[in-house]
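Notes follow the structure.
The values are calculated or read from the model by the stated rules, or taken from the named source; none is laboratory data. Quantities reported herein were computed from a predicted structural model and do not represent experimental measurements. Cβ: placed from backbone, ideal geometry, glycine included. Neighbour counts: every protein chain shown.
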Amino acid sequence: MDEKIFSSCNRLNTMAESLFIPSTTNRKEIYDSLIPQIQALTEGESDLTANLANISAALKEAFDFFWVGFYVKKENQLVLGPFQGSIACTRINFNRGVCGHCYTSKKVVIVPDVEAFPNHIACSSASKSEIVLPALDKNGEVFLVLDVDSNKLDDFSEVDAIGLSAVIRIVEQLILL
Ligand code: SME
């Protein structure tokens with residue numbers, strides 16, 4: 001067996017086994033526990049795709065979000081990146097959807113009822129509310145967005161904005177690698 005691959009997998013297996021999710025419905029407590037674990041999970045791995053994949057898996061495992069994943073800016077569109085959930089639209093123009101609005105405004109966007117958001121892109125009819133956050137590169141430009149969807153109305157609050165912003169800070173460090 002290739003030793004390099006083995007040791008890398010072994011390290012990740014060890015990290016995955018140690019992902020601890022407190023048994024509470026209090027999201028702040030879960031974010032507080034999860035964020036240092038995401039920091040540890042991504043430390044020492046320089047591949048951005050691998051890190052984004054594990055971050056989306058960790059968020060899915062911790063909160064059982066309906067859909068969680070990344071759209072990465074490529075040329076003049078946002079293109080689907082690593083995610084957890086059902087299949088999703090692959091390309092989003094900057095003037096479309098909650099993701100496009102997040103990209104152009106460079107702000108966290110919380111949509112309590114996606115049907116009331118004029119430009120919403122419905123990748124799944126089961127999606128009812130949504131939060132999208134931008135990650136900026138060293139020039140202050142949006143490099144990617146983190147999109148989280150819920151199958152419940154009004155499922156995201158300031159607690160999620162703060163918790164997921166901490167995840168975005170980790171992603172921004174990874175972008176610099
Ligand atoms: N709803 C998003 C599109 C992405 S999917 O939800 C995964 C939007 O309006 O931008």
* Name the residues in region 110-126 that are modelled with pLDDT under 95 and within 17 Å of the chain's Cα centre (by Cα), would you? -> 123
* To do: Looking for whichever is buried (at least 19 other Cβ atoms within 10 Å of the Cβ), under 21 Å from residue 88 (Cα atoms) and aliphatic (A, V, I, L, M) here; the options are 167, 132. Which one fits?
  => 132
* Run down 133, 164 and say which single residue is under 20 Å from residue 53 (Cα atoms) and away from the ligand (no atom under 13 Å from the Cβ). => 164
* Might you check whether a residue that is under 21 Å from residue 155 (Cβ atoms), near the ligand (Cβ under 7 Å from one of its atoms), over 16 Å from the mean Cα position of the chain (by Cα) and part of a helix (DSSP H, G or I) occurs anywhere in region 91-109? => yes
